[in-house]
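Quick notes on the structure that follows.
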Amino acid sequence: MPYISTNPSNTSDVVAEIELGTSSAFVDAAQRAKAAQRAWARVPAPVRGQVIGNIGRLVEANFEPLSQLVTREIGKPIAEARGEVQEIVDTANFFVGEGRRLYGQTVPSEMADKQLFTFRNPVGVAAIITAGNFPVAVPSWYIIPALLCGNSVVWKPAEYSAASARAFYDVFQAAGIPAGAFEIVFADGSETFAGLKRSLQQGLVDKVGFTGSTEVGVRIGELCGRHLQTPCLELGGKNPMIVTEDADLDLAVQGALFAGFGSAGQRCTSLGTAIVHESVYDEFLTRFVEAVGGATVGDPTGYVLYGPLLDEKFALAYEKYLGWIGEHHTVHGPTGRISATSPRNGFTGENGFFYHPAIVSGVREDDELFLQETFGPIVGVMRYSDLDEAIELGNKPGYGLSCSIYTTDPNKAFRFRAGISAGMVSVNNSTSGAEAHLPFGGNGKSGNGSRQSGVWVLDQFTRWQSMNWDYSGKLQKAQMDTLAIEANLDYRLA
């Protein structure tokens, strides 16, 4: 079945046309990956690290074309697209050295003439399924460490970012990855799920990584559980930003602007609700509305706060979220699609999925707008009176990915950190923003506690193996044939 990927800034611009495969295409790719995995694992880890280094250098050499392609295909502002491509380079640079640091331990035994060891072994075949809002950065978080650890990979990217995915794949192939060790499959969601199910049943897939919606993540988690597998799930977020009474309000507004509306709010780490202390609520809201009103929306190849929504299906979903705005809310400015009949000052776009930024105040804790992820340019604002209340509100939606607090009081910062359920906490910074050497991931409806990036992701793509080596020449039984040294435990000082 053909799929046409178009430019969301100009829907008449066809970026790529691909043929979507069936579930059998996924299974076939998994079979090729399975056949290639053992040979790849036998390549010494430092040499696999050299391949990862090649990826980093090749991405640097193709930096601008890849960035421009990301902007053209998904409408991400070019500055953010360049940051995304830099994330691949940073990830590769970090994991080059990890090829020399896949350490196990030599452990002392409780018996003489016996030695204990631990080793990290690759899991096997990793099936990676990613969304298209970060079409090249997020896949690198999975694929680079998975390959470094000696796994083979089957990658299913989002259809609407097919051109970016193909470019990413081609660059990786040029780095020296052997045939079969890294496979790419284009398929829709239902065929992918069916292919994954068959691959698990046939023992072809040993680890699943998924970035996407909580709803789909639950289904994948259930499927993997039937095969006694624990997937790496990076799901949605409803990320709170707390603004305390002592916060630097100008800084808080800058953070809310980028967290709420960067990438048109289409990040799992985007700001969902600004929870503002009652004493500074009005002032913060006034400044925030002014900042959003003065921001440029439009052509993502220029300097804009954000460009279009990713694709028509995301535009339709976002219009549903706008339907959650109720009579008790106050909407600051127009909502919906930017058009001749609903214009925006300074708009630089043309024929695309461009939407007004929406600030909605008067949000209540029982609102759908507060409880559910809203994947688009909309931010709710609500009041709180004391920090414990703010923490409770931050936790209530049940997500647990990212959060931030703006305060000049260290006590508040650490109390917030201890009470919030999110996997990532920012102090005086945006809810969005990851670095290649820090763990990335969430809890609750945001994920199953798995982590990407840094050394922590190695536990996703390796399994610990222990070995004991007895060279005593006799059978020594643990906990039974151990040396005991007597002590006089009744001794007391006079």
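The values are calculated or read from the model by the stated rules, or taken from the named source; none is laboratory data. Keep in mind that this is a model prediction, so the values were computed, not measured. In this analysis, Cβ positions are derived from the backbone assuming ideal geometry, glycine residues included, and neighbour counts consider all displayed protein chains. Accessible surface areas use protein heavy atoms only, side chains included; no ligands, DNA or RNA. Shrake-Rupley method; radii C 1.70, N 1.55, O 1.52, S 1.80 Å.
For the stretch 223-365, the square roots a ≥ b ≥ c of the C-alpha gyration tensor eigenvalues yield an a/c of 1.5 or more together with a/b not exceeding b/c, which makes the shape oblate.
Shown here for the stretch 326-393: GluC sites (Glu not before Pro) in loop regions (DSSP other than H, G, I, E, B) with at most 16 other Cβ atoms within 10 Å, namely Glu327, Glu350, Glu365.
Only protein atoms count toward the accessible area here, which uses a 1.4 Å probe; on the chain, the carbon and sulfur part of that area reaches 51 percent. Whole-Hz Karplus values for the stretch 289-294 come out as 4, 5, 5, 5, x, x Hz, taken residue by residue from phi with 6.51 cos²θ - 1.76 cosθ + 1.60 and θ = phi - 60°; glycine and proline positions read x. The Glu327 and Ala179 beta-carbon pair, evaluated with R₀ = 45 Å, returns a calculated FRET efficiency of approximately 0.15. The stretch 377-406 and the stretch 454-476 have Cα centres spaced 43 Å apart.
One chain, two ends: Lys320 and Asp13. Fully extended at 0.36 nm per residue, the span grows by 107.9 nm beyond their Cα-Cα distance.
The accessible area of Met467, taken with all protein chains in place and a 1.4 Å probe, comes to roughly 80 Å². Across His227, His329, the residue with the most accessible area heads the list, and the full order at a 1.4 Å probe is His227, His329. Taking the Cα centre of the stretch 412-494 as reference, the dipole from Cβ charges on Lys and Arg (+1) and Asp and Glu (-1) amounts to some 480 debye.
By the helix-only formula, in which each DSSP H run with n ≥ 4 contributes -39500 (n - 2.57) and the sum is divided by residues, the chain has a 222 nm mean residue ellipticity of -11500 deg cm²/dmol.
Taking 0.36 nm per residue of separation and subtracting the Cα-Cα distance, full extension of the segment from Ala35 to Tyr491 would add 157.6 nm. Computed over protein heavy atoms with a 1.4 Å probe, the accessible surface of the stretch 179-329 works out to 38 Å² per residue. For the stretch 210-353, the relative contact order comes to 19 percent (Cα pairs under 8 Å, sequence separation of at least 6). With each label modelled as a point 7 angstrom along the Cα→C-beta vector, the Ala295-Tyr3 pair spans 2.9 nm. For the stretch 257-297, backbone nitrogen atoms closer than 15 Å to the point 7 Å from Asp409 Cα along Cα-to-C-beta are found at 276-281. The chymotrypsin sites (Phe, Trp or Tyr not before Pro) of the stretch 81-114 meeting both criteria, a DSSP state outside H, G, I, E and B (loop) and at most 15 other C-beta atoms within 10 angstrom of the site's C-beta, are Tyr103. Extension gain for Gln201-Gln229 works out to 8.9 nm (0.36 nm per residue, less the C-alpha to C-alpha distance). List the trypsin sites (Lys or Arg not before Pro) within the stretch 96-185 that DSSP assigns to loop and that have no more than 15 neighbouring Cβ atoms inside 10 Å. Sparse-neighbourhood loop trypsin sites (Lys or Arg not before Pro): Arg100, Arg101. Using alpha carbons only, how many degrees (0 to 90, rounded to 10) separate the axis of helix 410-419 from the longest principal axis of the chain? Relative to the chain, helix 410-419 is tipped by roughly 70 degrees.
Rounded to the nearest 10 degrees, the inclination of helix 249-261 to the longest alpha-carbon principal axis of the chain is 80 degrees.
The C-alpha atoms of the chain define a longest principal axis, and helix 162-174 lies at about 30 degrees to it. Determine the percent antiparallel among the DSSP beta bridges restricted to the chain, to the nearest 5. Taking every DSSP beta bridge within the chain, about 40 percent pair in antiparallel fashion.
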